Every structure is written in structure tokens, then in C-alpha cells.
1. (1) surrounded by fewer than 21 Cβ atoms within 10 Å (Cβ to Cβ); (2) at pLDDT 95 or above: which one isn't true of ARG258, the others all being true?
2. Taking helices (runs of 4 or more DSSP H) that do not extend beyond region 390-456, which have at least 1 residues that are modelled with pLDDT of 95 or more?
3. Within the bounds of region 327-337, is there any residue that is touching a strand residue (DSSP E or B) at 6+ places or on another chain (Cβ under 7 Å), assigned to a loop (DSSP other than H, G, I, E, B), buried (at least 20 other Cβ atoms within 10 Å of the Cβ) and of a type outside the set (Ser, Thr, Tyr)?
4. Between residues in region 89-103 that are under 11 Å from GLY223 (Cβ atoms) and residues that are aromatic (Phe, Trp, Tyr) and part of a helix (DSSP H, G or I), which pairs lie under 9 Å by C-beta distance while being six or more apart or on different chains?
5. Only residues that are out of contact with any strand residue (DSSP E or B) (no Cβ under 8 Å at 6 or more places or on another chain) and at positive phi: list them for region 174-225, please.
Amino acid sequence: MSPVSGSATDDATQPSGPAFTAPGTLTPAITDMWDKDRSWTLRAYCDNGGYRGLRRAKTMSQDELVGLVKASNLRGRGGAGFPTGLKWSFLPAPDGGARYLVVNADESEPGTCKDIPTIMANPQALIEGVAICSRAIGCDHAFIYLRGEVAHVYRRLLRAVAEAGRSGMLDTGFGLDGDQPLTITAHAGAGAYICGEETALLDSLEGRRGHPRLKPPFPAVQGLYARPTVINNVETIASLPGILARGAEWYSAMGTERSKGHGIFSVSGHVVRPGQFEAPFGITMRELIELAGGIRPGHRLKFWVPGGSSTPIFGPEELDVPLDYESVGEAGSMLGTRALQVFDETVSVVRVVARWTEFYQHESCGKCTPCREGTYWMRQIMLRLEAGRGLPGDVEKLEDIASNIAGRSFCALGDASATPVLSGIKRFRGEFEAGYTSAAHELFPYGASAIVESAR
């Protein structure tokens, strides 16, 4: 007997629940099941309303599904924030050949930690979203590309895919004719940051070394195996079941004018209770820090980043900036993946930027000269400044190198490496110049900033 009950025509296919009013500060949707008993199982997911969205999707045409997602104003959660329904509509007209869905679960950005917890706690939401998207684009074979280092997450995903397959919900309703079964392949990558870039991910998925591809052609036209391909983030796809089950109006009633809906905000660093907070777009960092218990006792906020290490640094003066794509951009940074890292006054900015620079230098694929050479030389200078052995003009040289990387690399990794250097110098130039004479650990003892007591 299938653990998934109900038919394509039952009441569960229709949007249900109360009309949207004010949801409060937090709006758990994807994260709603994370604290349920055995939340990762199909039984628990269905007991909490799972697969209602897919049953409704199977009663709709491809055009109706794409239109519904467009109406919801769902934007991609991988960092760029591109409208999801519009992205799907870029696929060319069917030519009888295959088309694919690829889910980017290669969560690599320092500070980002939303997709892997989603797969661990509620993988069926992702699988249902994969099925809904596959139905919308006429796909019968979808891929989930996961980091290979997280073996325990990979095992859970494999079991979840197998469990969903046994349920019967994936047996029909997919492909160009809407009558094919859906195959979902979970693929473990080799752990390269560059494979989070969508075209490098495709190269890796095809069995080659992950290098970014020249665009155009774009993946929507010529992607996986040179066929039309949609590439979406885990959180984007996991948002679809709620939209199908509750309606586009429910989703678009949350958020701000141009950044609709809810998102997972990952708060880490020097707060009392770091963690995941799912809230409507437009919440402020001040509110999130309060939800996280405030800055650790006895300390004060020094700086924070809104979207991971590749986004410009913010300070206390930006605490009330609405966390949506437009407001954060106007304030001089990027919302990115909502990896909100918090640093108090015990932290050396030079040390933090040096660690980020080392990361980007290590993860550069080496394809283009600005990134390959620029990250190497930025790392050398940053390590000198951190050790208090900076040479006269090093700060200016850093600015020059970073400025020559930004906008000149083959993919966004170059921009990502330049951003923390340029924003760090802009806001804390005096700390960088102090590296001519004083080591960072002397000015800011590393033990004082340690979060784990044993590291002090």
C-alpha cells in the first residue's frame, strides 16, 4: 500500500488554509517540519500535508504551472534572485528530445548553511518540489547535485528518493507528454566551490573537471548533455510545494513589493543562539539578532555580512536595512544566500578577510588569469598584513589587484574574492594599515573571538 494517500481529484489538490494575514516575525514553511518526529521520512511528511502540491500540479498543464509560479513572484534562492517562473519560460519549444532539471545543492559559500539542513530534516519537500518543477517544464529525469563531503546528507537523500519512488507519486505525470515516470538521480560532487557555478556544475555532472562555460549558450538552451536545462537552488525548489498547496496569493502576500515570499536566514557568529530563521523578506538584521538572543553578553557588534563572504561588509549603521534584494543592494551590498555572519569587537577584520582570501585562492579553478593570479597575490599580501609584516603600499596594492579582478574574471568567483578585500579596506582601512607594524593577533587576541570555549 502506498504511504501517500489521496487521488489527483481529492480536496487536497486545492489551495487550503486561512487567507494570509500577518504571519508574525517568523513564517516557518520549509522549516515547519524540522522539529517533527522523524521529519525526514515520507510518512511524517505526508502526515503533515506533504504531496498535496504535487497532486494539484498533476491536474494542471505545463503552461498553467509556469504561470502560477510567475504569479507567486518566487525568486531564485541561490544568490542571484532571478524570477523562477521567468527562468522556466526561457526553455525553447519542445523538439521531442530530452530536457532536464538540475538542483544545485553544492552549498559552498562560507557562512551558508540552509540547503544541507533542509535535505537532512525534510528531504521530501525537495523531492516534491523537483516533481512539481519537472511537471512544469516537461522533464522526466532530474538531477540533484550535492557536495560529496557531506556523506550523511547524501545517504539521507538517496533513501528519500527511493522512498518517494516506492510511493507511486513519481510513476506518471511527467515528460513532454505528461505520461512518463520521473527519474531522480542524486549525484555526489567532488567538493569544489567552483561547482556551485551553474555551468561548472554541469561540466562536473557530465564527468569532466568543473570549469565555467562560456555563455551564451545559456543552460536553458544548451545545458546538461547539450539539452535544454533548468538549474535551481534547493531552497527555490523546496518552496514550490507550499505555493502549489496554498496558492500564489498566499506566497506573494509576504515580503516586500519586489522581493516576495519567505526565505531562510542563516545567522552565525557572535550571537547567543545561531541558527536558521525563516521569515518574510524585509525583516531586518536587528530583528534577527534579537531572535538569535542578541550579541554574546559583554560584547558589541563590529561588522556583519548579509549574504556570505562574497558580499560587501555592513556595520551597525545598517542593522535596520530591510533584508530584501533591492534594499540591501541600495545600501551597498548583496543579499546573496542570506548567510548572515556576525562579528563582535574582538575580531580582526584583517584576519577574517585573510581567511576568506585563502579560501578563494584555494578554490579558484585556474581557468582565467585575473582570478588565478590575483587571488594568489592578494593572499600573500593579506598574510603579510595579518602577521604585522606589511610593506609600505601594501594596502594600495591590495586595492589595485582586487579592482583588476572584479569584473574581469570568467565567472563570479573573481568578483567574490575581490569584494571582501575592497569592502574591508573601505570600512576598516586603519586596521589594514596597522598590519605594517602590528600583528593581528596582538591587536585582537584570537582566543577572545573564539566561539567554542575550548579554543580560548
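The values are calculated or read from the model by the stated rules, or taken from the named source; none is laboratory data. Every value quoted in this text rests on a predicted model; they were computed, and no experiment measured them. When we count neighbours, we look across all protein chains shown, and the Cβ atoms used for this are built from the backbone with ideal geometry, even at glycine.
1. (2)
2. Values: elements: 394-405, 412-434, 440-443, 446-449.
Of the helices (runs of 4 or more DSSP H) lying wholly inside region 390-456, those with at least 1 residues that are modelled with pLDDT of 95 or more span 394-405, 412-434, 440-443.
3. Within region 327-337 (the criterion being touching a strand residue (DSSP E or B) at 6+ places or on another chain (Cβ under 7 Å), assigned to a loop (DSSP other than H, G, I, E, B), buried (at least 20 other Cβ atoms within 10 Å of the Cβ) and of a type outside the set (Ser, Thr, Tyr)), the answer is no, since none of the residues qualifies.
4. ALA98/TYR225; TYR100/TYR225
5. Hits for region 174-225 are GLY175, GLY178, GLY191, GLY207.
So that you can scan it fast, the table gives a plain yes or no per residue for (1) of a type in the set (A, V, I, L, M, F, W, C); (2) part of a loop (DSSP other than H, G, I, E, B); (3) not assigned by TED's automatic domain parsing to the domain that holds LEU335:
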| site | (1), (2), (3) |
| --- | --- |
| ARG273 | no, yes, no |
| PHE277 | yes, no, no |
| GLU287 | no, no, no |
| GLU290 | no, no, no |
| GLY293 | no, yes, no |
| PHE303 | yes, no, no |
| GLY307 | no, yes, no |
| PRO312 | no, yes, no |
